[in-house]
Amino acid sequence: MGGKYRITGDAYPRMRRPRHRRRLVLAGIGAVVALSLAGWGTLQLIDVFTGGDKSASAADHKRDCPTAKPSAAPVKALPKPAAIKVNVYNATTRSGLAKSAAEELKKRGFTIGEVGNATKAYDKKVPGTGVLLGAPTATNGSFEVLGTQLAGTVQKTDTRKTGEVDLILGAKFKAFSTPQEATAAMTSLTKPAPAPSPSC
């Protein structure tokens, strides 16, 4: 070959690919990795500030805690009205009150004993609707059943050994509870609300 530059010998110049293409490939891979790391870091920050996946934890909690039915409360055994002997006494100034009250209690199934005026210890000294007076054993049975017929009564005990109960009518007595009210009150006594189910 002529000219200024000549090739001598059997060695030829080595041809190389341009380096700028390799740099572009490496830059693209680096950008993908950087974006992936940034996305993962963002998710970690969201979990830190929101407390993680609450819906998943709630579902796991619900799965681990089986649904329990409310435990049924035991039915309380109470005496029947016919098994309760009631003495009705009038402590007010209204005449005939004890007799009419005794007749109404008899219609409702109670056994009636003595009917008359209250003793001096209670005569005109009962400001409320009435007083239930009986043996200590009556507080957990007879008083409760008779109390469903007249709201607001005061319960007192004495030293008697018999099972009869005294109903002493007071100044605020007007009428007994309606049969519907008495039935509802009796139901609440015999069938209390079920106990709440345990929480996990």
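The values are calculated or read from the model by the stated rules, or taken from the named source; none is laboratory data. Note that this is a predicted model, so its numbers are computed, not measured. Here Cβ is always computed from backbone atoms with ideal geometry, including for glycine, and neighbour counts include all displayed protein chains. Surface areas here come from the heavy atoms of the whole protein model, side chains and all, with no ligands, DNA or RNA. Shrake-Rupley method; radii C 1.70, N 1.55, O 1.52, S 1.80 Å.
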Report task. Towards the positive end of the charge dipole of region 82-200, with charges on Cβ (+1 Lys, Arg; -1 Asp, Glu), say which of THR137, PHE176, THR92 has the farthest Cα. Result -> THR92
Report summary line: Of the accessible area of region 103-192, computed with a 1.4 Å probe and all protein chains kept, carbon and sulfur make up a percent value of 55 percent
Query raised in the report: In the neighborhood of PHE173, defined by Cβ-to-Cβ distances under 12 Å, what is the net charge if each Lys or Arg adds +1 and each Asp or Glu adds -1?
Result: +2
Query raised in the report: In terms of solvent-accessible area of protein heavy atoms at a 1.4 angstrom probe, what is the ranking of SER177, SER95, highest value first?
Result: SER95, SER177
Query raised in the report: Around ASP158, what is the net charge, scoring Lys/Arg as +1 and Asp/Glu as -1 over all other residues with Cβ under 13 Å from its Cβ?
Result: +1
Requested in this report: Grab the other residues whose beta carbon is less than 12 angstrom from that of LEU132, score K and R as +1, D and E as -1, and report the net.
Outcome: -3
Report summary line: Going through LYS99/LYS156; LYS120/LYS161; LYS125/LYS174; LYS76/LYS174 one by one, the pairs whose alpha carbons sit over 25 Å apart turn out to be LYS76/LYS174
